[in-house]
Amino acid sequence: MKKFASLSLAALLVTALSVSASAASTSSAAQGTATIDGKKDDIYVCDPLIVNVVANNDGNLASPASGKVWTAWDADNLYVYAEVTDSAVTKAENVTTAWSNDCVEVYINLSGEEGSISDINAAQVTYGPGFESIQGGGLYRENNIDKIKFNYTYTDYGYTVELALPFADFGAKVGATLGFSIGINDDADDDSSTREAQSFDGEGLSNAWGTADSAWGTLTLTDKVYTAPAADDTTEGGSAATADAGIIA
């Protein structure tokens, strides 16, 4: 009986772990307004969404591109900042086909429904280094294409992408949730006709470019805000510090 119980418990643990590993992601957005310059603002204080689930690796890459994504929000926009680790970033002059070049795909669903992103208030918003405009598809993108703000930077480890996605009509408020996931395309050979690998924040997102479903993650809008550290205005001995020392602190 004890052996049977142990085996049953082991099976339950394996099942639980399997469910956990394949569950849709959850993340949180802090309150604040970002400057869209491709640099990480102080307002991005919630834990990042990790993007490292490799959906395909057609180029047999040793380390497909991965990333961390922070979000923030105000009454007008959802702000998305991504830091992508990529050993070979597509040169700007070689950027042509969006999904075959190095870029970030943001999947956003404001409708609260599942279905084709062409029919509901959802979208794939695609942007990367060298892009001159927002790519992707979906009804949300179609309705907001001229309002989305974007920027990027090159880094020592790859690149960054930052976006401001309008959602004034969403009725953003603390505690509200929306469908949200991230994909990262990896072009390792500067050949704009091929994509060597693609990664997501969870399993089952290979069709997210066309359909919003239960595989999409969720993002919760929180009341967490950035708090500047208090300045230390005294020296070790207790006397007032100089103005310069205060600035340095």
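The values are calculated or read from the model by the stated rules, or taken from the named source; none is laboratory data. All values reported here derive from a predicted model rather than from experimental measurement. So basically every Cβ, Gly included, is an ideal-geometry build from the backbone, and we count neighbours across all protein chains shown. We work out accessible area using only protein heavy atoms, side chains counted, and drop any ligands, DNA or RNA first. Shrake-Rupley method; radii C 1.70, N 1.55, O 1.52, S 1.80 Å.
Within the stretch 61-76, can you find the residues that are in contact (Cβ under 8 Å) with a residue 12 or more places away in the chain, in a loop (DSSP other than H, G, I, E, B) and either open to solvent by 10 Å² or more (accessible area, probe 1.4 Å) or touching a Lys or Arg at 6+ places or on another chain (Cβ under 8 Å) (or both)? So that I can check it myself, show each step before the final result.
Taking the stretch 61-76 as the starting set, the residues that turn out to be in contact (Cβ under 8 Å) with a residue 12 or more places away in the chain are 61, 63-76.
Pick out the ones that are also in a loop (DSSP other than H, G, I, E, B) and you get 61, 63-65, 74-76.
Selection gives L61, S63, P64, D74, A75, D76.
Scanning the stretch 140-155 turns up one or more residues that are closer than 13 Å to L78 by Cα, in a helix (DSSP H, G or I) and either touching a Pro at 6+ places or on another chain (Cβ under 8 Å) or open to solvent by 10 Å² or more (accessible area, probe 1.4 Å) (or both). Is at least one residue of the stretch 178-192 modelled with pLDDT under 95, among the aliphatic types (A, V, I, L, M) and assigned to a loop (DSSP other than H, G, I, E, B)? The answer is yes, given that some residue of the stretch 178-192 is modelled with pLDDT under 95, among the aliphatic types (A, V, I, L, M) and assigned to a loop (DSSP other than H, G, I, E, B). Scanning the stretch 187-206 for residues that are touching a Leu at 6+ places or on another chain (Cβ under 7 Å) and under 15 Å from A92 (Cα atoms) returns a single hit, A188.
Table: residues versus (1) of a type in the set (V, I, T); (2) within 30 Å of G171 (Cα to Cα); (3) buried (at least 22 other Cβ atoms within 10 Å of the Cβ); (4) in contact with an Asp or Glu (Cβ under 6 Å, 6 or more places away or on another chain).
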{"residue": "V95", "(1), (2), (3), (4)": "yes, no, no, no"}
{"residue": "N101", "(1), (2), (3), (4)": "no, no, yes, yes"}
{"residue": "G112", "(1), (2), (3), (4)": "no, yes, no, no"}
{"residue": "S116", "(1), (2), (3), (4)": "no, yes, no, no"}
{"residue": "I120", "(1), (2), (3), (4)": "yes, yes, no, yes"}
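Checked against (1) over 19 Å from G128 (Cβ atoms); (2) out of contact with any helix residue (DSSP H, G or I) (no Cβ under 9 Å at 6 or more places or on another chain), F150 passes all but condition (1). Say whether the condition of being modelled with pLDDT of 95 or more, in contact with a Ser or Thr (Cβ under 6 Å, 6 or more places away or on another chain) and not in a helix (DSSP H, G or I) is met by at least one residue in the stretch 87-98. The answer is no; no qualifying residue exists.
Against the conditions (1) over 21 Å from A172 (Cβ atoms); (2) surrounded by 13 or more Cβ atoms within 10 Å (Cβ to Cβ); (3) modelled with pLDDT of 95 or more, G246 satisfies every one except (3). Of all the numbered requirements in (1) more than 24 Å from A75 (Cα to Cα); (2) within 18 Å of the chain's Cα centre (by Cα); (3) open to solvent by 60 Å² or more (accessible area, probe 1.4 Å); (4) of a type outside the set (D, E), A230 misses one, and that requirement is (2).
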